[in-house]
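Peer 1: Below is a structure I'd like to ask you about.
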Amino acid sequence: MPEVIRWQQHADAYERRCESLERERAHLLAWLAVLHPATSVLAGHSSGEDGGRVLHMVAGGRQMCWLVAPRDTHLFRHTNHVETVEPVDARAREDDRETEAKYAHLRQHTRLLALEEGVATVVEELRRRA
């Protein structure tokens, strides 16, 4: 098999894997948006060229946003929980933090939610013993 064909097959497989991961990410974002209905909106992104959207939501007291590919925007139309707004809407302000800062916030928020559940379990056990 010629070297070029072999490398093209690798590139094609990599592209399929990336598309699969992006699709999974979009499904998870749609789920998160439904869990945060009061703050989740979809807006066109600033370039507005490809028809993609940006999901904006507040979680843990901070605004965060993620790009959503045009092929995945239908995932956010399943309920009335996620409103589509114009990019100038105040709820669609851009997240100006670095990606790593957003990830750090998500990790901290996740730990707090886990702690909250653990505290609730302990309180429930103490109530049952009383």
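The values are calculated or read from the model by the stated rules, or taken from the named source; none is laboratory data. Everything numeric here is computed off the predicted structure, so don't read it as measured data. No Cβ is skipped: glycine too gets one built from the backbone with ideal geometry, and neighbour counts run over all protein chains shown. Only protein heavy atoms, including side chains, enter the accessible area calculation; ligands, DNA and RNA are left aside. Shrake-Rupley method; radii C 1.70, N 1.55, O 1.52, S 1.80 Å.
Peer 1: Taking residue 79 and the conditions (1) modelled with pLDDT under 85; (2) touching a strand residue (DSSP E or B) at 6+ places or on another chain (Cβ under 7 Å); (3) among the polar types (S, T, N, Q); (4) open to solvent by less than 80 Å² (accessible area, probe 1.4 Å), which numbered condition does it fall short on, given that it satisfies the others?
Peer 2: Every condition holds for residue 79 apart from (2).
Peer 1: Taking the condition touching a residue at least 40 places away in the same chain (Cβ under 8 Å) and surrounded by 14 or more Cβ atoms within 10 Å (Cβ to Cβ), does residue 72 pass?
Peer 2: Answer is yes for this residue.
Peer 1: When region 75-88 is examined, which residues are found to be assigned to a loop (DSSP other than H, G, I, E, B) and either without any contact (Cβ under 8 Å) to a residue 40 or more places away in the chain or closer than 16 Å to residue 39 by Cα (or both)?
Peer 2: Listed by number, the residues that qualify are 77, 79, 80, 81, 82, 86, 87, 88.
Peer 1: Scanning region 25-61 for residues that are open to solvent by 80 Å² or more (accessible area, probe 1.4 Å) and either under 25 Å from residue 112 (Cα atoms) or β-branched (Val, Ile, Thr) (or both), which turns out farthest from the chain's Cα centre (by Cα)?
Peer 2: Residue satisfying both the conditions and the ranking: 38.
Peer 1: Let me ask another. Which residue pairs have Cβ atoms closer than 6 Å, lie 6 or more positions apart in sequence or on different chains, and pair a first residue in region 26-42 that is in contact (Cβ under 8 Å) with a residue 12 or more places away in the chain with a second residue that is of a type in the set (Phe, Trp, Tyr) and part of a helix (DSSP H, G or I)?
Peer 2: 30/76; 42/76
Peer 1: Of the conditions (1) modelled with pLDDT of 85 or more; (2) open to solvent by 70 Å² or more (accessible area, probe 1.4 Å); (3) small (Gly, Ala, Ser), residue 11 clears all except one; give me its number.
Peer 2: Status for residue 11: all satisfied but (2).
Peer 1: Looking for whichever is touching a helix residue (DSSP H, G or I) at 6+ places or on another chain (Cβ under 8 Å) and over 20 Å from residue 89 (Cα atoms) here; the options are 22, 15, 3. Which one fits?
Peer 2: Exactly one of 22, 15, 3 is touching a helix residue (DSSP H, G or I) at 6+ places or on another chain (Cβ under 8 Å) and over 20 Å from residue 89 (Cα atoms), namely 22.
Peer 1: Check off (1) under 25 Å from residue 19 (Cβ atoms); (2) assigned to a strand (DSSP E or B) for residue 58 and give me the number that stays unchecked.
Peer 2: It fails just one condition, (1).
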